[in-house]
Amino acid sequence: MAEYDRDSENRPIGDSVVHEALGHSEAFLSFQERLSRVAQVDRPVLLIGERGTGKELAAARVHYLSPRWKEPFVALNCAALASSLIEAELFGHEEGAFTGASRRRTGRFEAANDGTLFLDEIGNIPVETQEKILRVVEYGSFERVGSSRPIQVDARIIGATNANLSEMADQGYFMRDLLDRLSFEVLFLPPLRERREDIMLLAQHFGSRMAYELKWEGIPEFTPKAVKVLEGYDWPGNVRELKNVVERAVYRSDDNIIEDAEIIFDPFQSPYEHRTSPRRPVETPVAEAPHTVPIPSEPAAPDLSTVLDGMKYNDAITSVELCLLKCALDDAKYNQRKAAETMGLTYHQFRGLYRKHQDKLDQ
């Protein structure tokens, strides 16, 4: 039976989410192999990775591949709680232990007994609480807040963070003794930019799920330029960002063909920021013309009449438009909205020009 993470709106942490850990790149498969191997050894594990790399999915996989898989998998996001509340959340409290403690409450360690306790953003835990965690790791016992009666517990700890815990230990923000006990194995999750072979596999997965949610009859198909845009991006938000970008593109599309123009990396970019009205120039007295002509700092642009000499007027216009389109698309990495901004056009103006020359651009 799947356990639930109270910090994730009761989202199941079982098989229903583990299948999202998809990939066939060498970096991904190597990480999964190490994950599977350490799952069989009943020792603490630390997962280090950037935001959006799937640390919770990796922790769940360790649990469900371990001999503890039938027991509870309990998760706590340590960054979501005030430091004063983490101790009570982990170890529970007795009635009247502090203001507002109207009844006894068991903590996450008790809930994870015989199973796995996943501590996300473990670097946010205060040093005072780290001391109690160290006692649990070493002796398997603790006391609830407001009680002196020891409680025995057997829970495997998996910690996750994107912080440098070793550096934090040097600075006194993390107990070196606890770090030594938790780091039986330290696994670094590969960022998406290091597993580009997986980008379209994940994009198809997220796109298909979104299409199903929207009750589409077909599945989304990405144009070659859309694929180029997705695979050329560095994905600082990793898989989570890819999921948002793909789902947004599918939702905004009028059909099941996803074009590069529908891929929006920054939804907060205003479409109006380049459309402000020009200010009326301030009238200034005309200065007397200088006696000498200044030397230009950059070479003058080539004379189009020379470049296009001998061409018919319509052919010359087509040649210039194609040149401008190709340069703008190259600079924008084939993101059509950015290319439109580069050319000083609205998106609809750009799309009209793009369709006019699409056959030549695709050659």
Which pairs have Cβ atoms under 7 Å, sit 6 or more apart or on different chains, and link a residue in the range 266-277 that is under 23 Å from K243 (Cα atoms) to one that is modelled with pLDDT of 80 or more and surrounded by 10 or more Cβ atoms within 10 Å (Cβ to Cβ)? P267/R248
Taking the stated definitions as given, is Y233 surrounded by 14 or more Cβ atoms within 10 Å (Cβ to Cβ) and of a type outside the set (S, T, N, Q)? yes
Looking only at residues that are of a type in the set (D, E, K, R) and loosely packed, with under 12 Cβ neighbours inside 10 Å in the range 1-36, which one is modelled with the highest pLDDT? E33
Considering every residue within the range 54-68, establish whether at least one is in contact with a helix residue (DSSP H, G or I) (Cβ under 9 Å, 6 or more places away or on another chain), aromatic (F, W, Y) and not in a helix (DSSP H, G or I). no
Scanning for something assigned by TED's automatic domain parsing to the domain that holds A59, part of a loop (DSSP other than H, G, I, E, B) and touching a helix residue (DSSP H, G or I) at 6+ places or on another chain (Cβ under 8 Å), does the range 153-160 turn up at least one residue? yes
If you check D303 against the conditions, is it surrounded by fewer than 10 Cβ atoms within 10 Å (Cβ to Cβ), modelled with pLDDT under 70 and among the charged types (D, E, K, R)? yes
Within the range 146-199, residues being acidic (D, E), surrounded by fewer than 20 Cβ atoms within 10 Å (Cβ to Cβ) and touching a residue at least 40 places away in the same chain (Cβ under 8 Å) number 5
For residues that are assigned to a loop (DSSP other than H, G, I, E, B) and under 25 Å from the mean Cα position of the chain (by Cα), scanning just the range 329-363, find the one that is surrounded by the fewest Cβ atoms within 10 Å (Cβ to Cβ). K333
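The values are calculated or read from the model by the stated rules, or taken from the named source; none is laboratory data. Computed from a predicted model, the values in this text were never measured in an experiment. Cβ coordinates were reconstructed from backbone atoms using ideal geometry, including for glycine residues, and neighbour counts include every protein chain displayed.
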